[in-house]
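**Student:** Mind having a look at this structure? Questions to follow.
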Amino acid sequence: MQYSIENEILRLTVDSHGAEPVSVVHKPTGAELLWQADPAVWARHAPILFPYTGKLTGGKMLAKGVEYTGGQHGFARDVEHTMTHHAENLLEFELHANNETLPKWPYAFVLRSTFTLEGETVHHTPDRREPGGGGAALRHRLPSGLRVPL
């Protein structure tokens, strides 16, 4: 499902699938500022890469003495995130370790993605936590996906 927030300058739309921004419109001009996922070039907008970036050697990793299979850039971009807060100028999503993620990443985690607008700026603040601690180091990356030329 897609959710939007806006101010006098920008309108931001984020899809709960992957908590991925899919549109940033500059309202005074109507210009779309975010890459629009042309499948002939790159079919994504600005995905969250979590819990790791890049490819696993041989598509596998060893954790807790068990071999796990994983795709490129983790899985957060490919699963539904839960909307936890939607206010006038704030969108917040969470992804928790669950039956879908544990076969790919055997650690407890909470990944929170908060989006706000401030004037001409979109703020995306990721926060990742390991309930109970003791898990592996978590990695994430946020590609910007801006359109060029604007």
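**Student:** Which three lengths, in whole Å and largest first, does the chain cover when its Cα atoms are put on their principal axes?
**Tutor:** The Cα atoms of the chain stretch 55, 35, 22 Å along the principal axes, largest first.
**Student:** Using Cα positions and a limit of under 16 Å, work out the lysines in reach of K55, with same-chain residues fewer than 8 apart set aside.
**Tutor:** List returned: K104.
**Student:** Further, regarding this structure: Near K64, which aspartates and glutamates are there with a Cα under 17 Å away, not counting those fewer than 8 places off in the same chain?
**Tutor:** Qualifying aspartates and glutamates at Cα under 17 Å: E130.
**Student:** Quick one: among L111, L33, L95, which has the greatest mean-square fluctuation in a GNM of the chain with alpha-carbon springs under 10 angstrom?
**Tutor:** Judging by the Gaussian network model, the answer is L33.
**Student:** Normalised by the residues of the chain, what does the relative contact order come to in percent, with Cα pairs under 8 Å and at least six apart?
**Tutor:** Reported as a whole number, the value is 24 percent.
We did not get these values from a lab; they are worked out from the coordinates using the rules stated. Because the structure is a prediction, the values reported are computed rather than measured.
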